[in-house]
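Have a look at the structure below before the remarks.
Read-outs: derived from the displayed coordinates by stated rules, not from any lab. Quick caveat, the model's predicted, so the values are computed rather than measured. Using ideal geometry, Cβ is built from the backbone for each residue, glycine included, and neighbour counts are taken over all protein chains shown.
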Amino acid sequence: MRILGIDPGLARVGYGVIEFEERRRGGGGGSQRLLDCGMIRTDPGQGEGQRMVEIANDLRQLIRAWKPQLAAVEKFFFYRSSNTIAVVQARGVVMMTLARFAIPVVEYPPMQIKLAVAGHGHAPKDEVLAAVMRELDLDTPPRPDDAADALAVALTGWFQR
């Protein structure tokens with residue numbers, strides 16, 4: 001199974017694509033491997049509408065390239081800031097784009113992602129990163145941080161299936 005993990009935002013959308021293979025009956029466990037990760041970065045000089053078009057276009061390219069069977073998306077955690085509405089709107093663009101490709105979506109709040117990946121819901125970023133590296137057998141941390149976060153979301157989608 002191929003899972004696309006997404007850490008939504010307006011300026012930066014982290015993404016990670018992981019392929020999971022279950023062992024045959026009686027074999028237990030399985031394996032997973034990182035296929036791609038990175039970040040969709042939008043131009044802050046553009047208006048919000050154009051930035052959302054950019055997110056949709058780049059996400060469509062990722063979907064066409066990797067053909068994920070499931071998308072795992074981080075649920076928005078509300079902050080009191082001036083960009084809250086824009087981030088929620090960008091997340092809506094992500095959800096709409098996934099729906100247009102008929103990709104099933106699972107959503108997880110940050111605490112559930114930390115619990116699934118690192119073992120406790122209040123794990124700091126470095127513990128989550130170490131868990132992602134261990135699960136994907138990586139020698140170097142995935143960069144940028146938004147991509148590492150998206151990989152944690154994708155792993156949660158697999159663990160919680």
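The HN-Hα couplings worked out from phi for region 118-133 by the Karplus form 6.51 cos²θ - 1.76 cosθ + 1.60 (θ = phi - 60°) are 9, x, 8, x, 10, 4, x, 3, 5, 5, 5, 4, 4, 5, 4, 4 Hz, whole numbers, x standing for Gly and Pro.
Sort 84-93, 143-152 by packing, meaning the average of other beta carbons within 10 Å per residue, with the highest value first.
Top of the packing list down: 143-152, 84-93.
Ignoring aspartates and glutamates fewer than eight residues from K125 along the same chain, the ones with Cα atoms less than 19 angstrom from its Cα are D7, E74, E135, D137, D139, D145, D146, D149.
Ranked from largest, the principal axis spans of the Cα set of region 2-159 equal 53, 33, 25 Å. Note on A102/E22: beta-carbon distance plugged into 1/(1 + (r/R0)^6) with R0 of 30 Å gives a FRET efficiency of 0.85.
From its DSSP helices (H runs of at least four residues, each -39,500 (n - 2.57)), the chain gives a residue-normalised ellipticity at 222 nm of -14500 deg cm²/dmol. For the chain, the dipole from Cβ point charges (+1 on Lys and Arg, -1 on Asp and Glu) about the Cα centre works out to 480 debye, to the nearest 20. Compare the Cα positions of I3, V13, A148 along the charge dipole of the chain (+1 at Cβ of Lys, Arg; -1 at Cβ of Asp, Glu; about the Cα centre) and return the one farthest towards the positive end. Value computed over the given set: I3.
For the chain, the longest principal axis of the alpha carbon atoms and the long axis of helix 48-66 meet at an angle near 30°.
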